[in-house]
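A.B. asks: I'd like to ask you about the structure that follows.
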Amino acid sequence: MADLSSIRIENLNMFYGVYQALVDISLSVRSGTLTAVLGPSGSGKSTMLSILAGIHMPSSGRILVDDRDVTFLPSAERNVGLVFQSYALFPHLSVYENVAFPLRVRHLPEADIRPRVMEALDRVRISDFARRKPAQLSGGQQQRVAIARAIVFQPNVLLLDEPLAALDRKLREEVRLELRHLQRELGITTLLVTHDQDEAMSMADEVVIMSEGRIQQIAEPRQAYHEPANEFVAGFLGVANVFRGPLRAAADRVFIELPGGERIAAHPAGKGIGGTGAMVGILRPEQIAIVEPGTNGSVVATVRETVFLGEGVRVHLQSEGGFDFVVQTAQTKRDFPAGSRVGLAWNPEDLWLLAS
Amino acid sequence: MKNNLAVGLIAVAAASLSSTAMAEPAKVLRILTAGGEWTDAVQKCVDAPFTEKYGIKVELETPAGFAKLAGKNQAGNVDVALMDLETTELERAQASGMLDPIDWAAVAPFEMFPDAQKPYGFAHTYFSTIMAWRPDAKAPANWQEFFDTENFPGKRALPDYPGYVLAFAALADGVPPDELFPLDLDRAFKTLERVKGDVIWWSAGGQVAQLLDDNEAQYAIGWSGRIVNKDTLAHSFVGGMLETSWWGVPKGSDPAMQEAAMLYLHEYSDPEKQACVAQYISYTGPSPALDPLLPQDRLAQFPNYKANRDVQFVTDGKWWYDNADEVERRWQEFKLTQ
Amino acid sequence: MSNQTQTGKVVPGRYLARTKPATRRFSGRLPSGFVWVLPLLLLVGLVFNLPLLMTAASSLVDQKTGAFTLGNFEQVAASKVYLPVVWRTIRIALVVSFACALIGYPLAYWMTRLSRRGQTVALAIIVTSFWVSILVRTYAWIVILGNSGIVNRFLMASGLTETPVEFLYNELGVAIGMINVLLPFMLLPLFAAMLQVDPRLRQIAFTMGASSFQFFWRVFFPLTLPALGATFILISILSLGFYITPAILGGGKVPLIANMLDILINQFPRWNLAAAISLVLLVLTVGLFVVYQHLRRVE
Amino acid sequence: MNAHLVAARRRERWRRLPLATVGILVLLFLALPILVVVPMSFSSAESLRFPPPGLSLRWYEAFFSDPLWLEAALNSLIVGISSSTIALGLGTLAAYGIVRGTFWGRGALETNFISPMILPPVIIAVALYIFYARIGILGNYLALIAAHVVIAVPYVVLLMTLAIRSFDIRVEQVALTLGASRWQMMTRVLMPNLLPNAAAAWLFAFVISFDEVVVTLFVSGTHLTIPKRMFNQLVLQINPTITAIATILICFSLAAVALAAWLNRGNGFVSKADGEGH
């Protein structure tokens, strides 16, 4: 099928007047993989995508596709497939003609167009609607057409800008899997821009987390989740218990001493960035276990509120030192009455340490 | 400097757009003319046969007037080879060097009254400006009565042209007819100031009959040709003003078109054609041979008819020309401040 | 198959030319999208902006000598001929704008209270009137308001008056004609602005014990006042330039600025004076337009 | 209960009566000219009596048998069609540049293009008269058309900027990434979608040009148009032929505007189609 292309972005900067939308962005996408660019709105992720698509020119920096500089190549010559959140289907063309469009503007013979369009429509299971106009389709169907249109001309690179944001939750999870499957099958190098961390985590081989025009971290999803590069990433990728305080050692134990006096157990080797002094420790809610109060090494806390999530229970507690803990457990049938005292325990190796 | 250059460049471009037909013999004769019933009649009686005879199309621009000529002259784009002028306008245009002399040899006219042939002017029409009124209104006998709004109540429809109203206004103030010129403007405007509340100013000859018929006005001063043939109106030539209209050749017009204009003037001097025009509108042309050709029952309608001529006065074109600026200034002052 | 892609076709030379460093952005390329505007800019610049500039320039030139002078403006300001016409134009513009507001506001308000079908009919009448040639409408008033026109015949037949009322060939006739032409310009934006007022406000006000009258004066009218002000200015702007209506319905007695310009161009060739007066009119218009834009923003 | 309601409704109706009277009278005032002109055009009488004493088509015959009126009609059509077509072409390009361009001063340019609509026509007439006279093209046919383009183009710019603004820019961007050249994008994507708006803009521009009087009076020289001849005739002699022309004009303008409004009704149809997911 298509060439497996790699993307490399080098020192990309983008100014709008005095406002800098992108600050020295460098990253590379290995051929055939799916990389998700994740960030809140205004983080510059969509700007980056539009530069990759050739819609905007960067203020400085280079973009290389398969080691070839395409920074100033017009969109039409880049051979990238693009899917927008709004799908941007051509309202005046039928589904079939929408998908045929990239082939027609390349002046392919009619005999070649038909099988390729039908194949693309089959891939996204929308062939039955070939004659309809976009306005006659549901959101999910429109999205499939947009994908078919983006892959029919076998682009080197697929760019997806919030492709699932307009779908409802259930459909979104379904399409997520399908899209991932399609991407693997085509082996097409894909860049996905999204603000939804679930989407990024579940689909991407690698995630790029951005904020305020800068890259905060590039990592595999699991690593980014458990070993965030900074507090922003920790907070953006879900709920985290964030402990601030000096790292101390007493006897054979290492811990963060909270202002309230509690000791948050850490691994002696200092997982994450080592050293002493003011530190930030990060612990995910599901890494904390609720145990009997007084269990060795545990922190005593009082249950304030319990939120039932369906697949789990999230418990909000306050320690005696006044720290607000969030714990998530899969024990959905167990009851945590408000006001009851429990112990909180975790594996010290799970505490991820960052320099403050 | 730069601005001039830009204008020059544009002018060259524009000229190349508009000058396509200029080098060849004229296919079109453009005439700046008055418009209205008289022009309609001329089109039927003169223009149509002329086009048929010479294959030259006649295009009209209306209405005429000295300002139009001056505009074209200043623009350096004189696109008409013949234009309709009043006596005053003829004097003024000639004195400002905006006319070319008429090539009388080329015109080779039929017989014309001697005073109808001037170096720069071809008299095409004798016309009168006279009073008219609704038959149901009290008939005025002279200009004093005409402008007497107390004893002769009603609206006056007056020409929106100083040359056709000021003399009558002066007469109304008691100026003796033989001392009319030089015109006493103060006395003329005194009359107008007195009646202005009861005036509707018209700008086209056809309005007179319309305004009287619609009972918008009860008295009017108008051009005889637009009045005398309307049996719904009463009129009188007494104290009327006899005038001549002229054809002149604007300077700077295309020579080929000017040649065509001379042919046109030749046709115009034909008494048959003038008689034809007179059928439609009661004005006569410069041909002495015209009388037998005119409808005999309507002779009394023609301004030049002896009985009519005797009760009218002839306007003093020279005075109007000499005092044009003063008249214009005072007229605007009066008109725009009323 | 994959060789058929566009990138595969890029010739190396061209490709290299395109990969020069980012300075390329500043290498004299026209600002993005400017070419699209260029053709119209050329035409409008040549046939609109340049002529206006030339008018401004001629207003500062003496007709006879061709020398620089402020005399044309002095003449406008000092003469008892030109300035009164400017004042009359402003006065009539104000009268017409007031009259439009006075009869337009109640109609627009009434329309908001009509059923959908009623609104459609009313809008159809307004829009029809709006698009019918101004010549046709002005002309019709001669027939309607003349001494033997339908209005006067009705008035006389009903014994309200014995002699015909003089509607035409005076300021009244001009004003009536102008109001008829300009009223749609008042009604359409005003009605649109009134529809913007949330209908729930009325219900809320009623639950608080307000009467219909109180609701109108304390809530509805203040809310639509900026729109009324803006349309008032709009009508004034349009009134200032009226030419046809005074020419036809004024009987030569109600010349406005535009008619004066016609005289100065087409009867007496006084271009430089005309240019000066036209500049006065331009300044008046632009000044009012700035006010209008400001009010629109308030709205 | 029911009786109370009926009584309340009746009271409400009485209260609104003064307002309704004013409203109806003002609407009548607006409609009166049309109500008078149209029947008069079918009058059999010479004069402008209303109501007409009898019916006939003589004034329509008079119009269609008068070569000058026909010449004026032909000129109006030629000037109207060519100026609105040029206005549509240039205006649409400019609207695209204004909406999608990023260059400095777009707002000022848009104001400039639209200002001929706001300025009194007589200012434009005087300026063009002086300008055309100076460069010697007063009365030139092309110069007349150019003047009409300037007068009609604001409507095109207004309508087309609106239409392009409401067209999703991403559709254009996607077309480019799918391999379309800018020209292909314009012709295959943008124009087909803006076609109804463009047609409406053309019609508006045409009606504006067809109705234009003041500027035409000043700069047209020997060329007659329908409104110019109508104006001259109105001042010269009031003749019922004008009612026939007026009626034709009314029908013509209304048909054009209704068509334009119908074409422009879908100003939001593009965004409706792709906006469902938003």
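A.B. asks: Quick one: pull the percentage of alpha-carbon pairs in chain C with a separation above 23 Å.
C.D. replies: 71 percent
A.B. asks: Considering only Cα-Cα distances, which of the following residue pairs are longer than 19 Å: C:LYS80/C:LYS253; B:LYS318/C:LYS253; B:LYS53/B:LYS273?
C.D. replies: From C:LYS80/C:LYS253; B:LYS318/C:LYS253; B:LYS53/B:LYS273, over 19 Å: B:LYS318/C:LYS253.
A.B. asks: Only loop residues by DSSP count here, and only those with at most 15 other Cβ atoms within 10 Å; note down the GluC sites (Glu not before Pro) in the stretch B:138-202 that meet that.
C.D. replies: B:GLU150
A.B. asks: Separate question: Taking a quarter of the surface of the convex hull around the Cα atoms of chain B, what do you get in nm²?
C.D. replies: 18.9 nm²
A.B. asks: Sticking with this structure for a sec: May I ask you to list, by number, the DSSP H helices of chain D whose Cα span along the axis is at least 20 Å and whose average Kyte-Doolittle hydropathy reaches -1.0 or more?
C.D. replies: Helices meeting the criterion: D:2-41, D:67-100, D:121-135, D:141-165, D:191-211, D:241-264.
A.B. asks: Quantify how strongly other chains surround peptide A:89-99 by giving the mean number of their Cβ atoms within 10 Å of each of its Cβ atoms.
C.D. replies: Going residue by residue through A:89-99 and averaging, the value is 5.
A.B. asks: If one takes the longest principal axis of the Cα atoms in chain C, at what angle in degrees, from 0 to 90 and to the nearest 10, does the Cα axis of helix C:134-145 lie?
C.D. replies: Value to nearest ten degrees: 0.
A.B. asks: Search the structure for amide H atoms under 5 Å from the amide H of C:VAL61, placed 1.01 Å from N in the peptide plane, and list their residues when 5 or more places away or on another chain.
C.D. replies: Residues meeting the criterion, in which the H sits 1.01 Å from N, are C:THR69.
A.B. asks: Can you give me the Cα centroid spacing of the stretch B:128-181 and the stretch D:137-171 in angstrom?
C.D. replies: Between the Cα centre of the stretch B:128-181 and that of the stretch D:137-171, the gap is 53 Å.
A.B. asks: Using 0.36 nm per residue of separation minus the Cα-Cα distance, give me the extension gain between C:SER32 and C:LEU46 in nm, one decimal. Display every interim value, and only then the final one.
C.D. replies: Details: separation 14, 0.36 × 14 = 5.04 nm, distance 2.31 nm.
Extra length from C:SER32 to C:LEU46 when fully extended: 2.7 nm.
A.B. asks: I've got another one for you. Given 25 °C and 0.890 mPa s, compute D for chain A with the Stokes-Einstein relation, Rh being the Kirkwood radius over Cα pairs; round to the nearest whole µm²/s.
C.D. replies: My calculation gives 107 µm²/s for D.
A.B. asks: Quick check for you: with a 1.4 Å probe and neighbouring chains kept, what is the accessible area per residue of chain D, in Å²?
C.D. replies: Accessible surface, normalised per residue, equals 39 Å².
A.B. asks: For the pair D:TRP104/A:TYR16, report the inter-label distance in nm, with labels modelled 7 Å from Cα in the Cβ direction.
C.D. replies: 1.9 nm
A.B. asks: Between D:SER65 and C:ARG117, how high is the FRET efficiency from 1/(1 + (r/R0)^6) when r is the Cβ-Cβ distance and R₀ = 41 Å? Nearest 0.05.
C.D. replies: Computed FRET efficiency for D:SER65 and C:ARG117: 0.45.
A.B. asks: Can you give the % of DSSP beta bridges in the protein assembly as shown that are antiparallel, to the nearest 5? Before the final figure, lay out each step's value.
C.D. replies: Working: 84 of 118 bridges.
The antiparallel fraction comes to roughly 70 percent.
A.B. asks: Once you place label points 7 Å from the Cα toward the Cβ at B:ASP115 and D:LEU25, how far apart are they in nm?
C.D. replies: Roughly 6.1 nm, to one decimal.
A.B. asks: Let me ask you something else. Enter the buried accessible area of the C/B pair, total of both sides, probe 1.4 Å, in Å² rounded to the nearest 100.
C.D. replies: Numbers: alone 19200 and 15550 Å², together 32350 Å².
It comes to approximately 2400 Å² buried between C and B.
A.B. asks: Using a cut-off of 12 Å between beta-carbons, work out the net charge of the residues near B:PHE147 (Lys and Arg +1, Asp and Glu -1, B:PHE147 not included).
C.D. replies: Cβ neighbours under 12 Å give a net charge of -1.
A.B. asks: Please report the spacing between the Cα centers of the stretch C:218-292 and the stretch A:79-130 in Å, no decimals.
C.D. replies: 57 Å
A.B. asks: What percentage of the solvent-accessible surface of the protein assembly as shown, computed with a 1.4 Å probe over protein heavy atoms, is contributed by carbon and sulfur atoms?
C.D. replies: About 59 percent, which is the carbon plus sulfur part of the accessible surface.
A.B. asks: Return the average number of partner chain Cβ atoms within 10 angstrom of each residue Cβ along peptide C:116-124.
C.D. replies: 1
A.B. asks: Shifting gears a bit: Taking a quarter of the surface of the convex hull around the Cα atoms of the stretch C:29-83, what do you get in nm²?
C.D. replies: Numbers: hull surface 24.8 nm².
If I average the Cα hull's projected area over directions, I get 6.2 nm².
A.B. asks: Between the stretch C:99-171 and the stretch B:204-266, how many Å separate their Cα centres?
C.D. replies: Using only Cα atoms to place each centre, the spacing works out to 36 Å.
A.B. asks: Averaging over all projection directions, find the projected area of the Cα convex hull of the protein assembly as shown and quote it in nm² with one decimal place.
C.D. replies: Seen from a random direction, the Cα hull of the protein assembly as shown projects 66.7 nm² on average.
A.B. asks: Once both axes come from the Cα atoms, what is the angle between helix B:2-18 and the longest principal axis of chain B, in degrees from 0 to 90, rounded to 10?
C.D. replies: Once rounded, one gets 90 degrees.
A.B. asks: Round to the nearest 0.05 the FRET efficiency obtained for D:SER47 and B:GLU333 when R0 = 35 Å and r is the Cβ-Cβ distance.
C.D. replies: For R0 = 35 Å, the calculated efficiency reads 0.40.
A.B. asks: Hey, got the average number of other protein chain Cβ atoms within 10 angstrom for residues in B:104-113? Don't skip to the answer; put the middle values down first.
C.D. replies: Details: counts 0, 0, 0, 0, 0, 0, 0, 0, 0, 0.
Neighbouring Cβ atoms belonging to other protein chains average 0 per residue here.
A.B. asks: Tell me, which longest segment in chain A has none of the trypsin sites (Lys or Arg not before Pro) that fall in DSSP loops with at most 11 further Cβ atoms within 10 Å?
C.D. replies: A:132-332
A.B. asks: Between B:GLU326 and C:LYS80, what FRET efficiency comes out of the Förster formula 1/(1 + (r/R0)^6) with R0 = 25 Å and r the beta carbon distance, rounded to 0.05?
C.D. replies: 0.95
A.B. asks: Still on this structure: Leaving out ligands, DNA and RNA, calculate the buried accessible area for the pair D and B with a 1.4 Å probe, summed over both sides, in Å² to the nearest 100.
C.D. replies: Counting both chains, the buried surface is close to 1800 Å².
A.B. asks: Using a simple spin-label model with points 7 Å from Cα along the Cα→Cβ vector, what separation in nm is obtained for C:LEU102 and C:VAL291?
C.D. replies: Taking the simple label geometry, C:LEU102 and C:VAL291 are separated by 1.9 nm.
A.B. asks: Nearest 10 degrees, 0 to 90: what angle lies between the long axis of helix B:324-337 and the longest principal axis of chain B (Cα atoms)?
C.D. replies: Helix B:324-337 and the main axis of chain B meet at about 60 degrees.
A.B. asks: Of all DSSP beta bridges in chain A, what percent run antiparallel (nearest 5)?
C.D. replies: Rounded to the nearest five, the antiparallel share is 75 percent.
The values are calculated or read from the model by the stated rules, or taken from the named source; none is laboratory data. Here the structure is a predicted model, which is why all the values come from computation and not from measurement. Ideal geometry is used to build each Cβ from the backbone, glycine not excepted, and the neighbour counts take in all protein chains shown. Protein only, heavy atoms only, side chains kept; ligands, DNA and RNA dropped before computing areas. Shrake-Rupley method; radii C 1.70, N 1.55, O 1.52, S 1.80 Å.
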